[in-house]
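Working notes for the structure below.
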Amino acid sequence: MNMQKANEQINKRCPLPDAEFFGMLNKTEEEILANQESIRAKFEEYKAFWEEREQNVLSLRLGLADGQPHTREEVARMLQVSPVDVYQMERKARWELREQTQHKLPLADILAKAGVYMPEEADQSPEYAERLAEFEETARKFRWTEREQAVMYLQLGVADGRRRTLEEVAQKFQLSREQIMRLEHVAFTRRVCHMRWKRLADYLDD
């Protein structure tokens, strides 16, 4: 299974609030134009989370600026940057949106939405409290999304101290072993990606 297919299946089974909007960047020109009303509504809802350059990139890519969707290469020429810079700004905009909209639910509610449950209060041992505190600190450090928190809580065995295998976690979330591996990889590399985006933003500001 290729990377794009894996991402599509993960987003379908563990949807994120921004998946539909940013998914339009991979659609055809006809599909983008057919969904202009909903795209514009989402753009207006989200744009407060983005800097002006990110708004400009997304507006051009999705045909909101002039009624014509543009490729990354076209946007790069318009803004006098490279296509890689355009791609990174798209990624940064998505990351910023997740940063601003995630972590609003208590961990117990996040887990319950995914069908994973914390021990009852009476059954919570000092060891569990220690594991939970370490887990929550790690989740903040690496800026885990809700689905990543649910997957990693189960895989790391926070509830009972028993780490689950990739196969066990995959079966629980109805995903493949490879998709769980990808989620884990993304969860632990986001901090590195964040620093790269920050360096890119600083470079573009110079």
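The values are calculated or read from the model by the stated rules, or taken from the named source; none is laboratory data. What you are looking at is a predicted structure, and each value in this text was computed from that prediction instead of being measured. Don't worry about glycine lacking a Cβ; one is built from the backbone with ideal geometry, like all the others, and counts go over all protein chains shown.
Sort out which residues of the range 126-150 are surrounded by 13 or more Cβ atoms within 10 Å (Cβ to Cβ) and touching a residue at least 40 places away in the same chain (Cβ under 8 Å), and write them in order of number. Walk me through how you get there before you give the answer.
Just the residues of the range 126-150 that are surrounded by 13 or more Cβ atoms within 10 Å (Cβ to Cβ), to begin with: 128, 131-132, 135-136, 138-139, 142-150.
Listed by number, the residues that qualify are PHE142, ARG143, TRP144, THR145, GLU146, ARG147, GLN149, ALA150.
Among the residues of the range 158-188, count how many are in contact (Cβ under 8 Å) with a residue 12 or more places away in the chain and either assigned to a loop (DSSP other than H, G, I, E, B) or of a type in the set (Lys, Arg) (or both).
9
Kindly evaluate LEU33 against the criterion of being assigned by TED's automatic domain parsing to the domain that holds LEU97 and assigned to a helix (DSSP H, G or I).
yes
Keeping to the range 36-89, report how many residues are in a loop (DSSP other than H, G, I, E, B) and of a type in the set (D, E, K, R).
Going through the range 36-89 one residue at a time, the tally reaches 2.
Look at VAL151 and say whether it is out of contact with any strand residue (DSSP E or B) (no Cβ under 9 Å at 6 or more places or on another chain), under 22 Å from PHE188 (Cβ atoms) and part of a loop (DSSP other than H, G, I, E, B).
No; evaluated as a whole, the condition is false for this residue.
Cβ-Cβ under 7 Å, sequence separation 6+ or interchain: first residue in the range 30-42 and surrounded by 12 or more Cβ atoms within 10 Å (Cβ to Cβ), partner among the basic types (Lys, Arg). Which pairs?
Every condition considered, no pair remains.
Does GLU73 meet the test of being over 19 Å from PHE22 (Cβ atoms) and loosely packed, with under 13 Cβ neighbours inside 10 Å?
Spelling it out, it is not the case that GLU73 is over 19 Å from PHE22 (Cβ atoms) and loosely packed, with under 13 Cβ neighbours inside 10 Å.
Within the bounds of the range 132-143, is there any residue that is modelled with pLDDT under 90, in a loop (DSSP other than H, G, I, E, B) and within 30 Å of VAL84 (Cα to Cα)?
yes
Please go through the range 84-131 and give me each residue that is under 20 Å from the mean Cα position of the chain (by Cα), at pLDDT 90 or above and aromatic (Phe, Trp, Tyr), ordered by number.
The answer is TYR87, and nothing else.
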